[in-house]
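Have a look at the structure below before the remarks.
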Amino acid sequence: MTDRVAIFDTTLRDGEQAAGTRLGRREKLTIARQLARLGVDVIEAGYPNSSPEDFAAVEAIAQEMDGPVVCALSRAVASDIESCGRALAQAKRGRIHTGIGVSEIHIRGKFGDDKYGKTVEEKKARMIAMAVEAVKLARSFVDDVEFYAEDAGRAEPAYLFEMLYAAIEAGATVVNIPDTTGYAMPEQYGALIRGIRENVSNIGKAVISVHCHNDLGLATANTLAGVKAGARQVEGTINGIGERAGNAALEEVVMALRTRADYFGLTTGIRTQEFSRSSRLVSDMLGMMVPGNKAIVGRNAFAHSSGIHVDGFLKNRETYEIMRPEDVGFEQSSVVLTARTGRHGLRDRLEKLGYALSQEELDQTYQRFLIVADKKQEVFDEDLVAILHDEIHAVEDVYRLDYLHFYSGTSAIPTATVRLSVKGVMHERAATGDGPVDAVYKAISMVAQRVVKLVKYDIRAVTGGTEAMGEVTVKLESEGRSVTGRGASTDVIEASAKAYVDGLNRLAGLGAA
Ligand code: KIV
Ligand code: ZN
């Protein structure tokens, strides 16, 4: 048996069956190109007989792909198989994936009609005959035929073995053992694969493929158990998308095989550095967000936050990481600053931002950091810089915003009135502008009587929802000096005014305003 595991990607077929998703021909082609870059062995491009659009997508992918095998799905029905044959006609390497249900629930439910036989035994015999006919018909179009025994995870093993034997005799080159409903436990699924190897006498003529669903959160575990038991093709999707709770996530399976090569002793042809990009592309195309804690490709998969972890990670990455972020396409690990991040993590981040603080300054900053961190889930670099500005690099207020009124609308000229205290003396000015922020900045500049250039203006929501706190950062330049001013408020115009006034105070502190 080979020690290479073939990777069969079904993002474009089973993955696309996820509730509420639909991919057109162009989107499928874009994803298929990325899957080829990722190095998958087989791309299951769709189910051609399901719709003209899916037919066109499979056809286009089959025409273009050079490396991976392009596979098309069918039921054990002649019209489905003929449709696959036509869609794959131009494929350099085409595969038809055909099959039939094998569990009693499927047999009674889908083949309940008397035309398939009056008793379950008669139906079972009829279904084996249908499977054989389907594989033979598929072989008349392509040399590579994969047979799936749907709901194998709940099937009676003896019947499954009989079905697989017949399919292989009919010409199947790969036999797929789907745990269609995600019912199996890892030990059971592993035993099923082992049972197939021991009881299907012609199994040496076919590759065993594992196809696991995630209804109990066991898709990856079951897939790996199947591989350990001798399967040499793995089916799954990027990000684990698919029917109901989804399919096995290929990034998880492949990285488990790679990270635990000591345990599995197996390889794949996957360029794992392409995982992050593949994940983002699939997520964007299908509009399905990847959870932050998703293994391998989630935003937090290489993020450290608690003091103990950050400390250990900074001393030696391997203390808390079993994979390198670069190996799956992330630039680097990250330390997320939260209320649980200790002084060590804070000092490290400040140093990376270019601030070397004394112990006393660090203690002072840390206390303020804790107050901010208790209010927010995550403290960003911008927050740290703001804390430092307040705590360590605080300036005396020459200008203080006392009053702000603005008027704006779709058919009104934006107008602002501001009252500023300048060294304790009140001044009031009004101005119009190209938008309310511009009007406010013009009125403040009239009070300050300074030529100040606004070089940069950034706004971001600090909290969620329509009542979000907005934080404005401005970069101001005057007389060859530049400063950063900050302001926060639930009113973004007020936050903008505060940031501008803060910048003016900093310029004044440098003797430039
Ligand atoms: O889960 C399943 O049984 C399938 C087959 C159609 C291969 O997706
Ligand atoms: Zn499936």
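The values are calculated or read from the model by the stated rules, or taken from the named source; none is laboratory data. Being a predicted model, the structure only gives us computed values, none of them experimental. Positions of Cβ are backbone-derived with ideal geometry, glycine not excepted, and every protein chain shown enters the neighbour counts. What goes into the accessible areas is simple: the full protein's heavy atoms, side chains included, and nothing from ligands, DNA or RNA. Shrake-Rupley method; radii C 1.70, N 1.55, O 1.52, S 1.80 Å.
Kindly indicate which of 12, 29 is within 16 Å of ligand 1 (Cβ to nearest atom), assigned by TED's automatic domain parsing to the domain that holds residue 251 and not in a strand (DSSP E or B).
Details: 29 fails: within 16 Å of ligand 1 (Cβ to nearest atom).
After ruling out the rest, the residue left standing is 12.
Hey, among 254, 297, 310, which residue is more than 16 Å from ligand 1 (Cβ to nearest atom) and modelled with pLDDT under 95?
310
Conditions (1) within 13 Å of ligand 2 (Cβ to nearest atom); (2) in contact with a helix residue (DSSP H, G or I) (Cβ under 6 Å, 6 or more places away or on another chain); (3) of a type in the set (Gly, Ala, Ser), marked per residue:
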{"position": "187", "(1), (2), (3)": "no, no, no"}
{"position": "191", "(1), (2), (3)": "no, no, yes"}
{"position": "205", "(1), (2), (3)": "no, yes, no"}
{"position": "216", "(1), (2), (3)": "no, no, no"}
{"position": "220", "(1), (2), (3)": "no, yes, no"}
{"position": "229", "(1), (2), (3)": "no, yes, yes"}
{"position": "246", "(1), (2), (3)": "yes, yes, yes"}
{"position": "252", "(1), (2), (3)": "no, yes, no"}
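If we scan segment 351-374, do we find a residue that is on the phi > 0 side of the Ramachandran plot, outside any helix (DSSP H, G or I) and modelled with pLDDT under 85?
Within segment 351-374, one or more residues are on the phi > 0 side of the Ramachandran plot, outside any helix (DSSP H, G or I) and modelled with pLDDT under 85.
Answer with yes or no whether residue 422 is among the β-branched types (Val, Ile, Thr), within 19 Å of residue 510 (Cα to Cα) and either in contact with an Asp or Glu (Cβ under 9 Å, 6 or more places away or on another chain) or in contact (Cβ under 8 Å) with a residue 40 or more places away in the chain (or both).
When the stated conditions are applied, residue 422 does not pass them.
Looking only at residues in segment 469-490 that are within 38 Å of the chain's Cα centre (by Cα) and more than 20 Å from residue 447 (Cβ to Cβ), which one is modelled with the highest pLDDT?
For segment 469-490, the residue satisfying everything is 475.
Has segment 287-294 got any residue that is in a helix (DSSP H, G or I) and either within 15 Å of residue 329 (Cβ to Cβ) or within 8 Å of the chain's Cα centre (by Cα) (or both)?
no
Just checking, how many residues over segment 433-453 are without any contact (Cβ under 8 Å) to a residue 24 or more places away in the chain and either within 16 Å of residue 508 (Cα to Cα) or exposed (fewer than 14 other Cβ atoms within 10 Å of the Cβ) (or both)? If you could, list the steps in order and put the result at the bottom.
Initially, segment 433-453 is screened for residues without any contact (Cβ under 8 Å) to a residue 24 or more places away in the chain, giving 433-434, 445-446, 449.
Among the residues that remain, those that are also either within 16 Å of residue 508 (Cα to Cα) or exposed (fewer than 14 other Cβ atoms within 10 Å of the Cβ) (or both) are: 434, 445-446, 449.
Of the residues in that region, 4 qualify.
Determine the pairs where a residue that is open to solvent by 90 Å² or more (accessible area, probe 1.4 Å), located within segment 1-26, has a partner that is within 16 Å of ligand 2 (Cβ to nearest atom) with Cβ atoms under 6 Å apart, the partner being 6 or more residues away or on another chain.
none
Name the single residue that is surrounded by the most Cβ atoms within 10 Å (Cβ to Cβ) among those in segment 167-215 being part of a loop (DSSP other than H, G, I, E, B) and away from ligand 1 (no atom under 16 Å from the Cβ).
200
Taking helices (runs of 4 or more DSSP H) that fall entirely within segment 52-146, which contain at least 2 residues that are within 23 Å of residue 37 (Cα to Cα), in contact (Cβ under 8 Å) with a residue 24 or more places away in the chain and open to solvent by less than 50 Å² (accessible area, probe 1.4 Å)?
Helices (runs of 4 or more DSSP H) meeting the threshold: 52-64.
Mind checking which residues of segment 164-185 are more than 16 Å from ligand 2 (Cβ to nearest atom) and touching a helix residue (DSSP H, G or I) at 6+ places or on another chain (Cβ under 6 Å)?
Narrowing segment 164-185 to residues more than 16 Å from ligand 2 (Cβ to nearest atom): 164-173, 185.
Those that are more than 16 Å from ligand 2 (Cβ to nearest atom) and touching a helix residue (DSSP H, G or I) at 6+ places or on another chain (Cβ under 6 Å): 166, 167, 168, 170, 171, 172.
Collect the residues in segment 221-254 that are crowded, with 24+ Cβ neighbours inside 10 Å, in a helix (DSSP H, G or I) and at negative phi, keeping them in residue-number order.
Within segment 221-254, 222, 223, 224, 225, 226, 238, 250, 251, 253, 254 meet the criteria.
Those residues that are more than 30 Å from the chain's Cα centre (by Cα) and basic (Lys, Arg), I need them from segment 177-236; list them, please.
194, 197, 205
Listed residues 108, 93; which is over 22 Å from residue 130 (Cβ atoms) and either of a type outside the set (S, T, N, Q) or over 33 Å from the mean Cα position of the chain (by Cα) (or both)? Working first, answer last.
Numbers: 108 fails: over 22 Å from residue 130 (Cβ atoms).
Of 108, 93, the one residue that is over 22 Å from residue 130 (Cβ atoms) and either of a type outside the set (S, T, N, Q) or over 33 Å from the mean Cα position of the chain (by Cα) (or both) is 93.
Please give the number of the condition residue 37 fails out of (1) away from ligand 2 (no atom under 16 Å from the Cβ); (2) more than 20 Å from the chain's Cα centre (by Cα).
In the conditions (1) away from ligand 2 (no atom under 16 Å from the Cβ); (2) more than 20 Å from the chain's Cα centre (by Cα), residue 37 misses (2) alone.
Go through the residues of segment 4-22 one by one and say whether even a single one is modelled with pLDDT under 95 and among the basic types (Lys, Arg).
yes
For segment 46-90, how many residues are closer than 30 Å to residue 121 by Cβ and under 27 Å from the mean Cα position of the chain (by Cα)?
1
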